[in-house]
Amino acid sequence: MNFVYRIVGVLPLISRIVAAIVGGYGLATLASVAALALPIAKPQAVLTGQLASFAVCAGAVIWVYAVRRARTAWLGLVLIAAVLAPLAWVAS
């Protein structure tokens with residue numbers, strides 16, 4: 001029974017780790033592609049997207065570990081992805 005409590009206690013940490021890796025990568029990808037929608041030259045937009053993706057990924061990882069609950073971290077990542085996805089769709 002003690003083993004079950006230990007696993008249940010570790011699940012939020014595992015969820016945050018997965019959210020940081022998958023969510024950070026996903027948001028960075030969406031931000032990089034969404035930068036192509038900016039009204040600037042394509043090479044400049046690509047460079048801007050690449051540079052912004054590093055900041056977005058770092059910000060997502062910090063966000064995941066800064067909030068109180070893993071559920072809040074996932075919700076924040078999904079909401080930001082929902083904002084970036086249409087921009088990325090229009091840009092591609």
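The values are calculated or read from the model by the stated rules, or taken from the named source; none is laboratory data. For clarity, every value in this text was computed on a predicted model and none was experimentally measured. Heads up, the Cβs are rebuilt from the backbone with ideal geometry, glycines too, and the neighbour counts pull from every protein chain shown.
So is A28 surrounded by 12 or more Cβ atoms within 10 Å (Cβ to Cβ), within 22 Å of V90 (Cβ to Cβ), at pLDDT 95 or above and within 12 Å of the chain's Cα centre (by Cα) or not?
yes
Taking A35, is it modelled with pLDDT under 95 and aliphatic (A, V, I, L, M)?
Working: modelled with pLDDT under 95: yes; aliphatic (A, V, I, L, M): yes.
Spelling it out, A35 is indeed modelled with pLDDT under 95 and aliphatic (A, V, I, L, M).
Could you say which residue among V56, V83, V22 is surrounded by 18 or more Cβ atoms within 10 Å (Cβ to Cβ) and in a helix (DSSP H, G or I)?
Working: V83 fails: surrounded by 18 or more Cβ atoms within 10 Å (Cβ to Cβ); V22 fails: surrounded by 18 or more Cβ atoms within 10 Å (Cβ to Cβ).
Unique residue meeting the criteria: V56.
Could you list, in sequence order, the residues of the stretch 1-25 that are β-branched (V, I, T) and over 24 Å from the mean Cα position of the chain (by Cα)?
Initially, the stretch 1-25 is screened for residues β-branched (V, I, T), giving 4, 7-8, 10, 14, 17-18, 21-22.
Of everything in the stretch 1-25, those that are β-branched (V, I, T) and over 24 Å from the mean Cα position of the chain (by Cα) turn out to be V4, I7, V8.
Report every pair of residues separated by at least 6 positions or lying on different chains whose Cβ atoms are under 9 Å apart, first residue within the stretch 26-44 and basic (K, R), second surrounded by 15 or more Cβ atoms within 10 Å (Cβ to Cβ) and not in a loop (DSSP other than H, G, I, E, B).
The qualifying pairs are K42/L36.
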